[in-house]
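Chemist: Can you keep this structure in mind? I'll have questions shortly.
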Amino acid sequence: MNVLITGAGRGLGFELAKLAAARGHAVAACVRDIGRVGDGLAELAERYRGLVRIETLDVSDETQARALAAKLRDDGFAIDALVSNAGVLLGRGEGIASLELDDLKRTFEVNLYGPLIVAKHLTPLMRESRSGAEIVVHVGSDAGSFAGAYGGDYPYALSKIALSMFTKQLNEELKPRGIRALAVHPGWIRTDMGGQSAPLSPAESALGIIDLIEGTTAVPAETWFVDYAGRAMPV
Ligand SMILES: NC(=O)c1ccc[n+]([C@@H]2O[C@H](COP(=O)([O-])OP(=O)(O)OC[C@H]3O[C@@H](n4cnc5c(N)ncnc54)[C@H](OP(=O)(O)O)[C@@H]3O)[C@@H](O)[C@H]2O)c1
């Protein structure tokens, strides 16, 4: 499969790129700043030369998304799995009186408009599916549901619940093309965002998500919100 992953320089995105390449998939590993690619991703691209390509994509920049789409089209890189993983967590713990609106706006730019811009410019590069294998994965969160809602996270929770609705909308639109869109809660994972007390390693979460992408873990057709193990998430 050809897999495109945003935010692939570190955290869950990097583990997804690593595992996808190890499973033999061609990977477009997108990073915000190609001049600051960490050793891990640089080594991965070197090790899987010809299979892993590093691309520039700040998901909040539509011009970059348009340019990347044109480049991939020219290269004949048809996408089978489009993984919008990039995300930010800003303004956690702020009450409404001290909330910085800039944190809210930036969070929406990355966590909601990002996947939307990515889908707008890159789903046209996805193959029409005969096998049902084509998939858009939005890395969402249990914060993106009313059932999982907790306090103290205005920007993040609002952006992720909007991402859940965007995923549902996109799923409906893409269905006739044989492409499904899934919002996936990756679990609480040990990354810069999740912190070191998290119970799950990013590698374990990535394993579950790649199994979802490959279809090894089956998800019923009507389901569009699951966790990394494919368990249906409450909305
Ligand atoms: N960690 C958890 O426990 C947890 C739980 C639920 C959901 N999630 C979700 O899982 C996803 C991955 O999180 P993580 O834990 O791996 O976070 P992380 O360690 O903080 O990594 C975030 C990634 O997003 C990238 N990114 C941020 N802004 C970007 C932009 N404008 N354009 C492109 N890339 C950008 C970062 O790139 P730079 O290196 O350039 O900053 C980095 O690669 C996120 O969507 C997050 O909301 C995480």
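Chemist: Just checking, how many residues over region 124-151 are under 16 Å from L89 (Cα atoms), within 15 Å of the ligand (Cβ to nearest atom), surrounded by fewer than 24 Cβ atoms within 10 Å (Cβ to Cβ) and at pLDDT 90 or above?
Modeler: Counting residues in region 124-151 that are under 16 Å from L89 (Cα atoms), within 15 Å of the ligand (Cβ to nearest atom), surrounded by fewer than 24 Cβ atoms within 10 Å (Cβ to Cβ) and at pLDDT 90 or above gives 2.
Chemist: Further question on the same structure: Being crowded, with 19+ Cβ neighbours inside 10 Å and assigned to a loop (DSSP other than H, G, I, E, B) is the filter here; which residues of region 216-233 pass it?
Modeler: Passing the criteria: W224, Y228, M233.
Chemist: On the basis of being within 16 Å of the chain's Cα centre (by Cα) and more than 21 Å from R23 (Cα to Cα), does Y150 make the cut?
Modeler: Details: within 16 Å of the chain's Cα centre (by Cα): no; more than 21 Å from R23 (Cα to Cα): yes.
Answer is no for this residue.
Chemist: Considering only residues that are of a type in the set (S, T, N, Q) and part of a loop (DSSP other than H, G, I, E, B), look in region 139-162 and name the one that is nearest to Y113 (Cα to Cα).
Modeler: Filtering region 139-162 for residues of a type in the set (S, T, N, Q) gives 141, 145, 159.
Imposing the further condition that a residue be part of a loop (DSSP other than H, G, I, E, B) reduces the set to 141, 145.
Numbers: S141: 16, S145: 18 Å.
Checked region 139-162; the qualifying residue nearest to Y113 (Cα to Cα) is S141.
Chemist: If you take the residues in region 184-200 that are assigned to a loop (DSSP other than H, G, I, E, B) and near the ligand (Cβ under 7 Å from one of its atoms), which one is surrounded by the most Cβ atoms within 10 Å (Cβ to Cβ)?
Modeler: Within region 184-200, the subset assigned to a loop (DSSP other than H, G, I, E, B) is 186-188, 190-199.
With near the ligand (Cβ under 7 Å from one of its atoms) added as a condition, the list becomes 186-188, 191-194, 198.
On the way: P186: 27, G187: 21, W188: 16, T191: 20, D192: 9, M193: 16, G194: 20, A198: 15.
Checking each candidate, the answer is P186.
Chemist: Are any residues in region 1-42 more than 10 Å from the ligand (Cβ to nearest atom), surrounded by fewer than 21 Cβ atoms within 10 Å (Cβ to Cβ) and small (G, A, S), and if so, which ones?
Modeler: Within region 1-42, A21, A22, G24, A26, G35, G40, A42 qualify.
Chemist: Scan region 84-100 and tell me whether some residue there is of a type in the set (K, R), over 17 Å from the mean Cα position of the chain (by Cα) and part of a helix (DSSP H, G or I). Explain how you work it out, then say what you get.
Modeler: We begin by selecting, within region 84-100, every residue of a type in the set (K, R); these are 92.
The next check asks that each one be over 17 Å from the mean Cα position of the chain (by Cα); those that pass are 92.
Cutting the leftovers down to part of a helix (DSSP H, G or I) gives us none.
Checked region 84-100: no residue is of a type in the set (K, R), over 17 Å from the mean Cα position of the chain (by Cα) and part of a helix (DSSP H, G or I).
Condition check ((1) among the small types (G, A, S); (2) away from the ligand (no atom under 12 Å from the Cβ); (3) closer than 25 Å to A183 by Cβ) across all residues:
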{"site": "R47", "(1), (2), (3)": "no, yes, no"}
{"site": "D58", "(1), (2), (3)": "no, no, yes"}
{"site": "D61", "(1), (2), (3)": "no, no, yes"}
{"site": "Q64", "(1), (2), (3)": "no, no, yes"}
{"site": "G76", "(1), (2), (3)": "yes, yes, no"}
{"site": "S84", "(1), (2), (3)": "yes, no, yes"}
{"site": "G91", "(1), (2), (3)": "yes, yes, yes"}
{"site": "I96", "(1), (2), (3)": "no, yes, no"}
{"site": "D103", "(1), (2), (3)": "no, yes, yes"}
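The values are calculated or read from the model by the stated rules, or taken from the named source; none is laboratory data. Computed from a predicted model, the values in this text were never measured in an experiment. Counting neighbours? That spans all protein chains shown, and the Cβs are built from the backbone with ideal geometry, glycine included.
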